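A.B. asks: The structure is given below, and queries will be raised subsequently.
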Amino acid sequence: MEAPSYTPASAPVPDGVIVLERASTPQDLGPKLNRTAADVVRFLMQQGEMVTATQSLSDDMIELFAAEIGAEVRLVDPGEEQEVELQRRLGFDELFDDADFDEYEPRAPVITVMGHVDHGKTKLLDRIRRANVVAGEAGGITQHIGAYQAESSGRAVTFIDTPGHEAFTAMRARGAEATDIVILVVAADDGVMPQTVEALNHAKAAEVPIVVAINKIDREGANIDRVKQQLTEQGLIPSDWGGDVEMVPVSAVQGTGIDELLETLLLVADMQDPPIASDPDGRAAGVVLESHLDVGRGPVANVLVQRGTLAVGDPLVAGAAWGRVRALINDRGENVKDAGPSTPVMVLGLDEVAAAGDQFVVAPDEKTARSVAHTREHWQRLASLGREASVTSGGAKLEDIFDQIQQGEIATLNLILKADVTGSLEALTESLRKLERDDVKLAFVHRGVGGITRGDVQLAATSSATIIGFNVRPDRSARDLALEEDVEIRTYEVIYQVLEDIENALLGLLQPEYEEVVTGEAEVREIFSVPRVGKVAGCYVTNGVITRGSKVRFLREGAIIWKGTVSSLKRFKEDAREVQTGFECGIGLSDFQDLKRGDIIETFEEREIPRT
């Protein structure tokens, strides 16, 4: 006789979409669906899945049981279930329910500028908004995301400038999520490059229209048709070739085609369905583009308002940060009282640095804002503790990695990352994670915004970590402690160099480090003039050995006044290869004739520091 098939109890399931964490156990799952853990276990056993009440279930198992009882569920990663509840408390569903666009007012289109490094994205923006942000950029790239507004035909257009190197993939993707149209900048003399294709893929993934700006048409070797052909191979067909992608030839240097580009952007924006519109009334919501800690102002967040109107005095929540808006500053540095949809502003008044890419929202009241932010902070801290616990105490410093690889061990490189702003921190983290190999893993002991402190050094010492600082420096106290604790601090201003150093370390190719070693000292006692040679210093070697061809520092009263090499060395009238301490000699210096009695010639060499 066959055993009767099991049917879950017929109690009604909760209404609406039920949010469930992935890897839930039957004990977790059952009560949320008005069932017992035994109901879940018996049903899955009937399906051939032998599970216990405390065993984590796969997505398929959870969805199968939910379908059987007629429940609508949404699976989220661990920790996100609480976030869904917090968003409900903040009224996210109500704020972003944009079903009826016809009732909304048109807003400025948000344009994200993408493309290969050095193809002129920043210069193009500079020409559009008449402000130079190129000067002072380390390594020739834009290190942080910025948002700016310009006007064309009396209408506002908002631009988001994303960094141009593949290392900032996460920042590009975030920019695409906040945008209506992407400008893909391609140099007419260079054509489609790997980062061009990468940026194009991000734009396609975001499902936003693309306008191509073919830049540098003033350059020798510019070939617009070749660029169009290359883009056609990537699936972008120019409108003048029968396709649907607008391609505008421009020169950011000369200003050619800029007006046509702006007109094209507005035309493309007007053709969107649903229209580019938003509700300017009610509580504001949007996205954090960038944030950092300002010495005088405290935590600062650059945000893009997406709906509603953000005003001074509003209780604002951005991730785990909250506060009452103390001041709003627009892209021209002016204080404003409020900011509507598509407006980028700097927000002052948060209690801590928000994470770039976080959504922000004006809370119903200050109590709700504080409660939600503190709850988020609690869950983030628990997640962080979990990550730190996974960092093994046997993790290696940067200089030890090669030895572990050579010994056939699976090495773990412990890192502490500090950056000036959250966008750089996020992008650097994502880029470094891509460098992991089967035999080398990266563990981020701590990541944060701001200068390198004693606390960072103490944490590095206890976890055998290397500190990486991007656009930040250690203070004197931190430097002294790092020396005492033998903690390595590496600081960078260009992200390429960070990735290059870490990658070389992981491959066992870390460039050797050198130190200068003084090899000899000689005092100038007489000066001789030699025909066709010039002045020669008659010297007495006071320390070490003077060698022909050695590198030289020329000292006068303790100050370095010249650096070069020993071009000639004589004992009496004979050439000498080297002269020891206690002997006299004649020293000729390359390109230096300003000799005086009492000057000191110090020779040195660079020796590789052995790695132990």
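The values are calculated or read from the model by the stated rules, or taken from the named source; none is laboratory data. Note that the structure is predicted; figures quoted are calculated from it, not measured. All Cβ positions, even for glycine, are placed from backbone atoms using ideal geometry, and neighbour counts span all protein chains on display. Heads up: the accessible areas ignore ligands, DNA and RNA and are worked out on the full protein's heavy atoms, side chains in. Shrake-Rupley method; radii C 1.70, N 1.55, O 1.52, S 1.80 Å.
A.B. asks: Just to verify a number: what accessible area does T264 come out at with the full protein assembly present, 1.4 Å probe, Å² rounded to tens?
C.D. replies: About 20 Å², ignoring ligands and nucleic acids.
A.B. asks: Determine the sum of side-chain charges near V518: Lys and Arg each +1, Asp and Glu each -1, restricted to other residues whose C-beta is under 10 angstrom from that of V518.
C.D. replies: Values: positive: R553; negative: E516, E521, E602, E605.
Counting the neighbours of V518, the net charge comes to -3.
A.B. asks: Over all alpha-carbon pairs of segment 13-56, lay out the pair-distance distribution in 10 Å bins, whole %, shortest bin first.
C.D. replies: 30, 54, 15
A.B. asks: In addition: Considering only protein heavy atoms, with the full assembly of protein chains and a 1.4 angstrom probe, order E260, E488 by accessible area, largest first. Write down the numbers at each step before the final one.
C.D. replies: Values: E260 95, E488 35 Å².
The residues order as E260, E488, largest area first.
A.B. asks: Please list, in order along segment 420-437, the HN-Hα scalar couplings obtained from phi with the Karplus expression 6.51 cos²θ - 1.76 cosθ + 1.60 (θ = phi - 60°), rounded to whole Hz, x for Gly and Pro.
C.D. replies: After applying 6.51 cos²θ - 1.76 cosθ + 1.60, I find 6, 9, 5, x, 5, 4, 5, 5, 5, 4, 4, 5, 5, 4, 6, 7, 4, 10 Hz.
A.B. asks: Diagonalise the Cα gyration tensor of segment 477-585 and give the resulting equivalent ellipsoid semi-axes, square root of 5 times each eigenvalue, largest first, whole Å. All intermediate terms of the calculation are to be shown ahead of the outcome.
C.D. replies: Numbers: eigenvalues 337, 59, 41 Å².
In descending order, the three semi-axes are 41, 17, 14 Å.
A.B. asks: Between I452 and residues 5 or more places away or on another chain, which pairs have amide H atoms under 5 Å apart, with H built 1.01 Å from N, and which residues are they?
C.D. replies: R473, D475
A.B. asks: What number, in nm² with one decimal, is the all-direction average of the projected area of the convex hull of the alpha-carbon atoms of segment 226-286?
C.D. replies: Directional mean of the projected Cα hull area for segment 226-286 stands at 6.8 nm².
A.B. asks: Further question on the same structure: Taking the alpha-carbon distance from K418 and a cut-off under 28 Å, which lysines remain once sequence neighbours fewer than 8 residues away in the same chain are dropped?
C.D. replies: In chain and number order, the partners are K121, K397, K434, K441.
A.B. asks: Let me ask something else about it. Need the C-alpha centroid separation for segment 274-298 versus segment 206-223, integer Å.
C.D. replies: Segment 274-298 and segment 206-223 have Cα centres separated by 30 Å.
A.B. asks: Probe radius 1.4 Å, ligands and nucleic acids ignored: give me the carbon and sulfur share of the accessible area of segment 269-373 as a rounded percent.
C.D. replies: The C+S portion of the solvent-accessible surface of segment 269-373 is 48 percent.
A.B. asks: For all pairs of alpha-carbon atoms in segment 274-313, what percent lies in each bin of width 10 Å, listed from the first bin to the last filled one?
C.D. replies: Taking every Cα pair in segment 274-313, the percentages come to 26, 42, 24, 7, 1.
A.B. asks: Assign unit charges at the C-beta atoms only (+1 for Lys and Arg, -1 for Asp and Glu), then state the dipole size of segment 250-303 relative to its Cα centre in Debye, rounded to the nearest 20.
C.D. replies: Dipole about the Cα centre, nearest 20: 360 debye.
A.B. asks: Give the ranking of D575, D475 by solvent-accessible surface, highest area first, calculated with a 1.4 Å probe.
C.D. replies: So, going from the largest accessible area down, we get D575, D475.
A.B. asks: Enumerate the amide H contacts of F360 below 5 Å, restricted to partners 5 or more residues apart or on another chain; note that Pro and chain-start residues carry no placed amide H.
C.D. replies: Residues meeting the amide H criterion: G286, V287, V288.
A.B. asks: Also: Given a 1.4 Å probe and heavy atoms of the protein chains only, how would you sort W241, W562, largest accessible area at the top? Before the final figure, lay out each step's value.
C.D. replies: Details: W241 110, W562 40 Å².
Highest to lowest solvent-accessible surface, that is W241, W562.
A.B. asks: For K563, list the lysines whose Cα falls under 19 Å from its own Cα; do not include residues on the same chain fewer than 8 positions away.
C.D. replies: Within the straight-line limit of under 19 Å, K563 reaches these lysines: K535, K551, K596.
A.B. asks: Another question about this same structure. For segment 202-315, what size does the Cα cloud have along each of its three principal axes, sorted from largest down, in whole Å?
C.D. replies: The Cα atoms of segment 202-315 stretch 53, 38, 26 Å along their principal axes.
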